[in-house]
Structure formats: C-alpha cells, structure tokens
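These notes are about the structure you will find just below.
The values are calculated or read from the model by the stated rules, or taken from the named source; none is laboratory data. Nothing here was measured: the structure is a model prediction, and the numbers come from that model. Heads up, the Cβs are rebuilt from the backbone with ideal geometry, glycines too, and the neighbour counts pull from every protein chain shown. Only protein heavy atoms, including side chains, enter the accessible area calculation; ligands, DNA and RNA are left aside. Shrake-Rupley method; radii C 1.70, N 1.55, O 1.52, S 1.80 Å.
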Amino acid sequence: MKTNRYLLSILVDDEPGVLSRIAGLFSSRAFNIDSLSVANTTEPEISRITMVTKCEPHIIEQIKKQLNKLINVITVNDLTDKKYVQRQLALIKVNAQPEKRAEILRIVDIFRCKIVDVGLFHYTIEMSGNSDKHDAIISLLTPMGIIEIASTGTIALARENGR
Amino acid sequence: MKLTGAQILIKMIREEGIDTIFGYPGGAVIDIYDTLAKQNDLKHILVRHEQGAVHAADAYARANKSVGVALVTSGPGATNTVTGIASAYCDSIPVVIFTGQVPTALIGNDAFQEVDIVGITRPCTKHNYLVKDINKLASVIKEAFHLASSGRPGPVLVDLPKNVMQTEIDFKNPGKVSLKSYKPNYKPNKKQLNRVVELIQKAKRPVIFAGGGVILSQASKQLTSLAKIANIPVTASLMGLGAFPGSNPLWLGMLGMHGTYRANMSIGNCDLMIAAGVRFDDRVTGNIEKFAPHAKIIQIDIDPTSIHKNIKVQCPIVGDCKTALKGILQLMENKIFNENATWLDQIKAWKDTTPLRYDQGKKIIKPQFVIEKLYDLTKGNAIITTEVGQNQMWAAQYYHFNKPNHFITSGGLGAMGFGLPAAIGAKAACPDKLVVDIAGDGSIQMNIQELMTAIESKIDVKIVILNNQYLGMVRQWQELFYDKVYSSTDMANAPDFVKLAEAYGAKGFRCDRPDEVESTLSKGLNSKGTIVMEFMVDREESVYPMVPAGEAITEMLLV
Ligand SMILES: Cc1ncc(C[n+]2csc(CCOP(=O)(O)OP(=O)(O)O)c2C)c(N)n1
Ligand SMILES: [Mg+2]
C-alpha cells in the first residue's frame, strides 16, 4: 500500500516522561517517526510537539487514536490536509574554496539564506524554509562538498481562517 | 488536620470504598506498613510474592466490580509486580499499584533498591506517576483510581518515594478529578444506534460476539435482552464468558482457537456480527482475511483504538457497552424481529453433529470429566479462576458460566501462576462464595507459595489440579506440529502435591480413578479450609476443537 507524509501538531502536558511515552508508543507499535520537534508554548504547562510521519492511511488513524489515548496528550491536530505554514531550520557547513565562493553566495542569495560563519575554506549557511527548499539547497551544495549539516525537524502551525 | 504521606495514602484508599489490599513490605514502604499496623480500617493481606499481590488485586477487582490495590516496596518488590501489571493491562482490569521508591534526593543516583519502575511499566500501565511533592499526593491518588476505573479500565501505578511517605502536611481533600486531556466518551452516537436496529432487522444470520468489555461495563442484562428479543445466538471470547448465560439455548459456546464448532461456524457464515467489548485478538480471529467473510460488523467499544485496529467494521460505535445496548434496546421497542428459524436450525445441526466431546472410559480420568463434575456439584455457582494452558481451555469449554464476574482468568497475557493468587483475591472480595482455582500441574508451581497466604489469612480456596504431568498445552503443539518432540515439557518430576499442601497447612486429596472423581470433588468442596484436589488425568489428552495458528477459524481440527 502507498505511504503518505503526515504532519501532526500535538499539544501535551509539559511533564517529565511525556516524550518518552510518545516515543515508546511509536517504537512498541512499530510506527515510524520522520522528524520530531518539541518546544514550549505560551502556556507554561503545555508543550507543542510537531511530528512528521510516513505511513499508510489506515495506520495514521491508529497513530492519532493511540496518541489521543495517552493521558498527557491534550490534542492531536492533523495538519496534513489543512492549510498550514511549515518551516525547517538548517545550518549547513560547506566547503568554500576561493574559486567556488561566488557560486555559493549566488545560491545563498537565490534561496534567501544567510551566511552565519565564514572561514578560510568554509561557509556556514543558515537556511529556513519548508522541506522542499531544504532538499533543493542541499542538492545544489552537495557538489561543493558539504562538511556537516545540523537541521531541525519540521515545525508547523495551522493558518488562521479568513486569509 | 496534619497527616503524613503514609496516612494520606491509607485514607485515600479507604475513601475509594476499598477494604482490602494485597502487599509485601520492604525498606522503602516501611513507614506505610507502620501506619497500616496502627489502624483497623484497611485490611492488608500479606502475600508471599509481589506477583501474587497484583494477581490477587486483579481478581478482587473483577469479583467485586471495583478497583484492586497492591502495595510493594521499591526495586525488586516493584519489578516482581510487572507480570501482574501486564496481565491486568491486557485484560483491562482496574488495579492501582503503589510501589515504594528511594527518597527523592537519591532518585537517579543508582541508590540501593532503586529502579525506574515508572519507566519499566510505561508500556503496560494505563498511566503511571512518580509523586515527588507531598502536596500533590492526595490528588494523584485520586486521579489514579479515577483513571484505573473509568473509560477502558486498566492498571495505574503510583511510585512513592520514602521521604514523601514520612513528611507531614496539612491535609486537604482534593476535589473532583478533572483532567483536561482525559474525557472518555460513554455516550454513543444516536444515528449509529439507529443503524444497528436497521441492520438487525435486515439480517438473516446474525450473531452477537461478547467480550470482556460487556462484563466490565456490567451490561450482561442488556446483552441478554437484545439476544432474546431479536433471536440472536451469542458467542464470547474467553474474557466474555459469563456475559451471556451458558445454559441459554441461544448460547453458542466460546469462539476462537479452541472455540466450539458451532460458534466458529456461525462466525464463518453469519451475515451480521454485533461485537460488543471485544478487541479481535488473534486467538479469536484466526486468519483475519477469512474472519466473518460474509458479515457486516457492528463494533461497540469505549476505546476508539480498538476499532479498525485488526478488523475493518461497517458500523463502529464508540461508547460504553451498557449505554449503547440500552440505547439499542430502546430503539427496538415495538419493532418486529425475524425468528431466524432457519439460521437457528442450522446452528442446532452443527451442535448435534459436532458437539464438544471426549470419551470417559473406566480406567483413566479425562480432565474434561473433572470439570463437568465440578460444574454439576457447584451448580455453576462457584467463582472459577484458572491457571494457563489446557486446564484453562477445558474450564472455559466445560464449566458453563451463567453469570458475569464468575470466570477470572489471565486472558490477554496468559500468565501461568495467575490462578491461585487470583482465587485468593476473589475470595477476599466475596467471602461467601465458593472459589475454585482450576490448575495445571505446571502452572500451580509458579505461585504455589501463595498457599501460605491463603492459610495465614484464612481465605479458603479450593484448588483442582488437572495433573497430566506435562506442560500440556505446549506438549499438544509439539504433538501436532513438531513431530511429537516433547522438548522440555515433561513434568513427571513433580512434588507430591498432597504432601505439599499438608506442608503448608492445607489439606490435600489425590484421585486417580474415574469412579472416584465425584466423591473426591465433593469431599474437597465440602471440607473447611483451603483444599488441594489433585486429579491424575490422561497424560496426552488434547484440547479440541483446535484452529491451527494462522488458519481460518472454520478450519478446525476435531477429535
Ligand atoms: C509464565 C508463563 N510461562 C510460560 C508460558 C507458556 N505456556 C503456556 S501453557 C503452558 C503449559 C502449562 O502447563 P500446565 O500448567 O501443566 O497446564 P496444562 O496445559 O498441562 O493443563 C506453558 C508453559 C506461559 N503461558 N506463562
Ligand atoms: Mg499440565
């Protein structure tokens, strides 16, 4: 069966052990997590988890129900078929030999990224955008020689109605 | 009012209406035991192994229709409870387990007898807590009982650091529990209930399939009415036995791997299945693709995750079984339902041609015969607990349960060693009832030490050991599927169970002749005190029908 990419935005109690309950649920039921990001919300006792998972349509139903069953999970919002904005942040350290510098700067410019660290032979680039942009810039920089990448999971919020 | 943590714990347990708990002391809970000794409200039964405490609490909950409580120390005391917790979790039984923990200042330091029991039991509890702050103790305990007993019930563990038990605070009773993220949905959707009635009216070959959820929501009466009004035959999972009277002509017997021929055939041929409080375990469905291939399926369950998990259903109903069945009965008023005569005739034919059967000769006792005699002598009124294996299946097949909460078995986990502590728990809850553990010679040895608990606490239980000198159920698989290589299943090296019973201070009777089965049972059941009755049964008797793993449930091996 065909697998799809699903984007879940989950509000949870900000308590020790909550992440382990969620991770445990996924591992014990053989669900897979593509990316995960956790952060505080404006409410002190609530955190938001944004999760990307790839699975078959009937599995996502089980995942959502199982998440909802956890006592510390407050809401599970499936953004997949809704209007939402999503971002991923990446820091990309790329080999920058003098003859390649101009081209790298051009790519950085086209993708509206920033150079956040410069050395004699490298640039570190900050990129923020959706996962397509993430993949695109990486494929363009790969020929230059990527030294290291650190990137966050996707974060997302639903768009407000009336836009 | 100034109270210590230990005093708050006991007070909160009492407020839940619980009069008996099961436990075992140790350093981390010594303050609680000290407090227990200085009060008379709450009775404590000292088990001989912490696994026994949880099984006993599990059976107490089932027999009493309330919550069971176990209390154990940190470290090994806590880890010894894990099998009991996992069993209660699989069977959705409301149990609250209190474990001692090292003082908060030592947590995380690999202190003596420190284990992360909250971490260990995360996947086998409905929820669990570590209470680090005495000010939260009362509300956490209240929440624990609420979670254990509401929605789909299950075990909840509360880990109690020693210093929290010692600290004194001004006690304030916590108000009602309100959890923003936990609101089980009891009320089913009305439209769906209307659909149920339509589907029943249209059906030509309907079957009701009852599970443990019917017993947990105390919906047997409604289920029985539904069956009678609409002439629908009823089968049940192992956990559902007793939800519908076993003596009613509409009763099909148990479903599944060791289900009756007519129950399995009915599911294979029905055009409508009303599944209530079941989760479609693989022991019930066999090959999923071939399960109820002609049926529309209605599934009632309070846990949304049970629906569409293993089986696709056409009419899902999320809600409490009792509320849903009541709603359906109301909508059925003044409506006419089919007689289903052809269908019921077909089922009768299946029963007549292929009943449950065994041949009791003159020489060797058949285990099924012992259970039938037990049923006759107790008139079906005993609470039956079981161990695991063939003994459990024969109990399920040959003891006819007419009432709910009278069959107490480790269904989902299948934990050997369950039956004896469970019998003690059930008897503690229902002192006026006869409680019988139907045991195997292998399983009984897994928690045999609990005989001492029964004797010490004067909780009289009757133990019927079907001694085939084998780990019989495994031997049966080896016979059928592994060329009779009886690898590590011969149990002929066994203690003398009669002497063992006597060593504990119980009485023991042995029987090896068919014509003495009845008199031995009668003597054992009518003697005071805890009694062990050992029946030397046919060593290589097997449980039939049997559906080989992975086959359709209509593909049964018969005797
Ligand atoms: C704790 C545990 N260990 C192992 C098993 C696997 N097992 C299932 S049935 C069985 C045999 C039980 O033997 P006995 O109690 O003599 O019952 P019989 O089948 O002979 O009636 C075994 C070993 C189990 N269910 N539980
Ligand atoms: Mg045996």
Tell me whether the stretch B:320-335 contains one or more residues that are closer than 24 Å to B:G550 by Cβ, of a type in the set (D, E, K, R) and either open to solvent by less than 20 Å² (accessible area, probe 1.4 Å) or out of contact with any Leu (no Cβ under 9 Å at 6 or more places or on another chain) (or both). no
Out of the residues in the stretch B:128-151 that are within 11 Å of another protein chain (Cβ to nearest Cβ) and surrounded by fewer than 21 Cβ atoms within 10 Å (Cβ to Cβ), which is farthest from B:E15 (Cα to Cα)? B:K132
Looking only at the stretch A:40-54, which residues are of a type outside the set (K, R) and touching a strand residue (DSSP E or B) at 6+ places or on another chain (Cβ under 7 Å)? A:N40, A:T41, A:E45, A:I46, A:S47, A:I49, A:T50, A:M51, A:V52, A:T53
Taking the stretch A:19-53 and keeping residues part of a helix (DSSP H, G or I) and either more than 20 Å from the chain's Cα centre (by Cα) or within 11 Å of chain B (Cβ to nearest Cβ) (or both) leaves A:S20, A:R21, A:I22, A:A23, A:G24, A:L25, A:S27, A:S28
Within the stretch B:302-319, restricting to residues that are free of Cβ contacts under 8 Å to residues at least 24 places away in the same chain and open to solvent by less than 50 Å² (accessible area, probe 1.4 Å), the one that is nearest to the other protein chains (Cβ to nearest Cβ) is B:T305
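Rundown of residues vs (1) more than 16 Å from ligand 1 (Cβ to nearest atom); (2) among the small types (G, A, S); (3) touching a strand residue (DSSP E or B) at 6+ places or on another chain (Cβ under 6 Å), yes/no style:
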{"residue": "B:D320", "(1), (2), (3)": "yes, no, no"}
{"residue": "B:K373", "(1), (2), (3)": "yes, no, no"}
{"residue": "B:D376", "(1), (2), (3)": "yes, no, no"}
{"residue": "B:T386", "(1), (2), (3)": "no, no, yes"}
{"residue": "B:Q397", "(1), (2), (3)": "no, no, no"}
Here are B:I448, B:I531: which of them is within 15 Å of ligand 1 (Cβ to nearest atom) and within 30 Å of B:E50 (Cβ to Cβ)? B:I448
Looking only at the stretch A:24-46, and only at residues there that are among the acidic types (D, E) and touching a residue at least 12 places away in the same chain (Cβ under 8 Å), the one that is surrounded by the fewest Cβ atoms within 10 Å (Cβ to Cβ): A:E45
Looking for something at pLDDT 95 or above, away from chain B (no Cβ under 11 Å) and more than 20 Å from the chain's Cα centre (by Cα) - is there at least one such residue anywhere in the stretch A:76-95? yes
Scanning the stretch B:57-80 for residues that are open to solvent by less than 10 Å² (accessible area, probe 1.4 Å) and on the phi > 0 side of the Ramachandran plot gives B:G75
Against the definition (touching a helix residue (DSSP H, G or I) at 6+ places or on another chain (Cβ under 6 Å) and hydrophobic (A, V, I, L, M, F, W, C)), how does A:V52 come out, yes or no? no
Give me the pairs, please: first residue somewhere in the stretch B:377-395 and within 14 Å of chain A (Cβ to nearest Cβ) and assigned to a helix (DSSP H, G or I), second residue anywhere and within 16 Å of ligand 2 (Cβ to nearest atom) and open to solvent by 10 Å² or more (accessible area, probe 1.4 Å), beta-carbon distance under 6 Å, and either six or more positions apart or on two chains. none
The number of residues in the stretch A:116-145 that are surrounded by 15 or more Cβ atoms within 10 Å (Cβ to Cβ) and of a type in the set (V, I, T) is 4
Can you name the residue in the stretch B:435-480 that is among the hydroxyl-bearing types (S, T, Y) and within 16 Å of ligand 2 (Cβ to nearest atom) and, of all such residues, is nearest to the chain's Cα centre (by Cα)? B:S443
Filter the strands (runs of 3 or more DSSP E) completely within the stretch B:1-113 down to those with at least 1 residues that are free of Cβ contacts under 8 Å to residues at least 60 places away in the same chain. B:20-23, B:43-46, B:68-72
Given (1) near ligand 1 (Cβ under 9 Å from one of its atoms); (2) of a type in the set (S, T, N, Q); (3) out of contact with any strand residue (DSSP E or B) (no Cβ under 8 Å at 6 or more places or on another chain), where does B:N402 come up short, assuming only one miss? (1)
Taking A:R5 as the residue in question, decide whether it is open to solvent by 20 Å² or more (accessible area, probe 1.4 Å), more than 9 Å from every other protein chain (Cβ to nearest Cβ) and touching a Lys or Arg at 6+ places or on another chain (Cβ under 6 Å). yes
Just need a number here: residues in the stretch B:405-414 that are open to solvent by less than 10 Å² (accessible area, probe 1.4 Å) and within 11 Å of ligand 1 (Cβ to nearest atom). 1
With the requirement that a residue be assigned to a loop (DSSP other than H, G, I, E, B), facing chain B (nearest Cβ under 10 Å) and of a type outside the set (A, V, I, L, M), what does the stretch A:54-75 give you? A:N72
Can you find, within the stretch A:81-105, the residue that is surrounded by the most Cβ atoms within 10 Å (Cβ to Cβ) among those that are in contact (Cβ under 8 Å) with a residue 60 or more places away in the chain and in contact with a helix residue (DSSP H, G or I) (Cβ under 8 Å, 6 or more places away or on another chain)? A:Q88
Mind checking which residues of the stretch B:425-451 are of a type outside the set (G, A, S), open to solvent by 10 Å² or more (accessible area, probe 1.4 Å) and in contact with a strand residue (DSSP E or B) (Cβ under 9 Å, 6 or more places away or on another chain)? B:K427, B:C430, B:K433, B:L434
It is to be established whether one or more residues within the stretch B:417-429 are within 16 Å of ligand 2 (Cβ to nearest atom), assigned to a helix (DSSP H, G or I) and modelled with pLDDT of 95 or more. yes
Number of the exception - B:L344 against (1) in a helix (DSSP H, G or I); (2) surrounded by fewer than 21 Cβ atoms within 10 Å (Cβ to Cβ); (3) in contact with a Lys or Arg (Cβ under 9 Å, 6 or more places away or on another chain): (3)
Within the stretch B:162-181, does at least one residue satisfy the condition of being surrounded by 15 or more Cβ atoms within 10 Å (Cβ to Cβ), in contact with a Gly (Cβ under 9 Å, 6 or more places away or on another chain) and within 14 Å of chain A (Cβ to nearest Cβ)? no
